[in-house]
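Read the structure below first, then the notes.
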Amino acid sequence: MGGILSIIEAKNKEIKNSSLEVLSESQKIANTKDLENNVVILGEYEENNSNQINEFGINKVLLGATNKIENYSPDLYKNIILNLIEKFEPEIIIFSGSAIGKDISPRIAANMNYNLVTECIEIKVEENGYEIKRPIYAGKIIQTLKFNNNPIVLSLKSNYFSINKVEQKDFSFEQVNNEEIGNIISPVLKEIIQPQKETLDVSEASIIVAGGRGIKEPENFKLIEELADVLNAAVGASRAVVDAGWRPHSEQVGQTGKIVSPNLYIAIGISGAIQHQVGMINSKCIVAINKDKNAPIFKFADYGIVGDLFEIIPELISELKK
Ligand SMILES: Cc1cc2nc3c(=O)[nH]c(=O)nc-3n(C[C@H](O)[C@H](O)[C@H](O)COP(=O)(O)OP(=O)(O)OC[C@H]3O[C@@H](n4cnc5c(N)ncnc54)[C@H](O)[C@@H]3O)c2cc1C
């Protein structure tokens, strides 16, 4: 028993940012406790692309866990990971806070009868185990949990951890054999319907232009889209406009949407309710545009523009285009 099993994901053969956060944290734990860190890559990945992950102190990368799977199947992924847990007997299994991480981590914990901690924001190695912090009550309280050395399953809060690399290190690749998993007849995802237009994902983007109810009409969102286009940014939205059916839920930022931490977050016609704030407060620079000078968003924005968005945004776009 011992070691770390880090479960990470590749999309279009690139490791996702949320997974680099996992590698960064698992490297720290492995280093402090002198543990082996074995990494499972879910999704398509090529060995010759290893320069993306060779600075995280990894020992072994298990490839092919999902080679034969075109689409996500919770039970199949779960069984593959359970097999690897039996083989490596890790004391800590770390997932990212991605949709897949959130979906599989509880299945693994329940199957193994291990403790599960979701939305972790700090993992401290203690003499006899781990001390882990996670936000509760929409981030108003930070819960501290202590574990002894019994195995635990963790999922990290996305976009919370910085990505710290260490010295470059060679690691071995091992092909995972899934033959013994057999046929899974439980639910299988048949199709992923991509948005009509190729859009940037708010949780991965370095600039986000987000719109709220101040936009007034769904058609007016084209202003937000145009500004986002000029800045090569992702479009974000408050829950008010998502609930109204103006924007898809995938764009929602906040407690019941996505947690983001871009370099620049431009909030337009968004009041800055606590539930929105918890989703974007970690942005490096927050710019707010609101006609109400008392809007709560100005309390935590780095730059504020008080005024009518319908006058400000077209001017911003034309200046940026220049
Ligand atoms: C359990 C729970 C979970 C929630 N989860 C989320 C979440 O994940 N994300 C989220 O966003 N919300 C969430 N909410 C909702 C949240 O409380 C707010 O209701 C919501 O964020 C408000 O959205 P808004 O800022 O777009 O709208 P409003 O609060 O109506 O604000 C609109 C703003 O636009 C400004 N404005 C109007 N016209 C103009 C103009 N012409 N120019 C410039 N500014 C203008 C107004 O001054 C105002 O400040 C949640 C609520 C609950 C109870």
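The values are calculated or read from the model by the stated rules, or taken from the named source; none is laboratory data. The structure displayed is predicted, hence computed values, not measured ones. Methodologically, a virtual Cβ is constructed for each residue, glycine included, from the backbone with ideal geometry; neighbour enumeration extends over all protein chains shown. Just the protein is used for accessible areas: all its heavy atoms, side chains included, with ligands, DNA and RNA removed. Shrake-Rupley method; radii C 1.70, N 1.55, O 1.52, S 1.80 Å.
Couple of notes before you dig in:
- The residue list Lys33, Lys11 contains one member that is at pLDDT below 95, among the charged types (D, E, K, R), within 20 Å of the chain's Cα centre (by Cα) and open to solvent by 10 Å² or more (accessible area, probe 1.4 Å), which is Lys11.
- Filtered by the rule that a residue be closer than 17 Å to Ile4 by Cα, modelled with pLDDT of 85 or more and open to solvent by 30 Å² or more (accessible area, probe 1.4 Å), the range 134-165 gives Phe147, Asn148, Asn150.
- Enumeration of residues in the range 270-288 that are near the ligand (Cβ under 6 Å from one of its atoms) and open to solvent by less than 10 Å² (accessible area, probe 1.4 Å): Ile270, Gly279
- Filtered residues of the range 136-170 (kept if in contact with a strand residue (DSSP E or B) (Cβ under 6 Å, 6 or more places away or on another chain) and without any contact (Cβ under 8 Å) to a residue 40 or more places away in the chain): Ile136, Ile142, Gln143, Thr144, Leu145, Lys146, Phe147, Asn148
- Every residue from the range 166-202 that is at pLDDT 70 or above and assigned by TED's automatic domain parsing to the domain that holds Glu25: Val166, Glu167, Gln168, Lys169, Asp170, Phe171, Ser172, Phe173, Glu174, Gln175, Val176
- Filtered residues of the range 36-54 (kept if surrounded by 18 or more Cβ atoms within 10 Å (Cβ to Cβ) and among the charged types (D, E, K, R)): none
- Whichever residue in the range 233-265 is within 9 Å of the ligand (Cβ to nearest atom) and touching a residue at least 60 places away in the same chain (Cβ under 8 Å) and, among such residues, is surrounded by the fewest Cβ atoms within 10 Å (Cβ to Cβ): Gln255
- Residue within the range 207-220 that is more than 15 Å from the ligand (Cβ to nearest atom) and either outside the structural domain of Arg134 (by TED's automatic domain parsing) or not in a loop (DSSP other than H, G, I, E, B) (or both) present: yes
- Pairing each residue of the range 80-100 that is among the aromatic types (Phe, Trp, Tyr) and modelled with pLDDT of 95 or more with any residue that is open to solvent by less than 20 Å² (accessible area, probe 1.4 Å) and not in a helix (DSSP H, G or I), provided the two are 6+ apart or on different chains, yields C-beta distances under 8 Å for Phe95/Ile7; Phe95/Val153; Phe95/Leu154; Phe95/Ser155; Phe95/Leu156.
- Any hit, the range 303-317, residues being outside any helix (DSSP H, G or I) and either among the hydroxyl-bearing types (Ser, Thr, Tyr) or under 22 Å from Ile121 (Cβ atoms) (or both): yes
- Residue match in the range 77-86 (condition: open to solvent by 10 Å² or more (accessible area, probe 1.4 Å) and within 30 Å of Gln255 (Cβ to Cβ)): yes
- Options Val230, Val202; residue that is buried (at least 23 other Cβ atoms within 10 Å of the Cβ) and not charged (D, E, K, R): Val202
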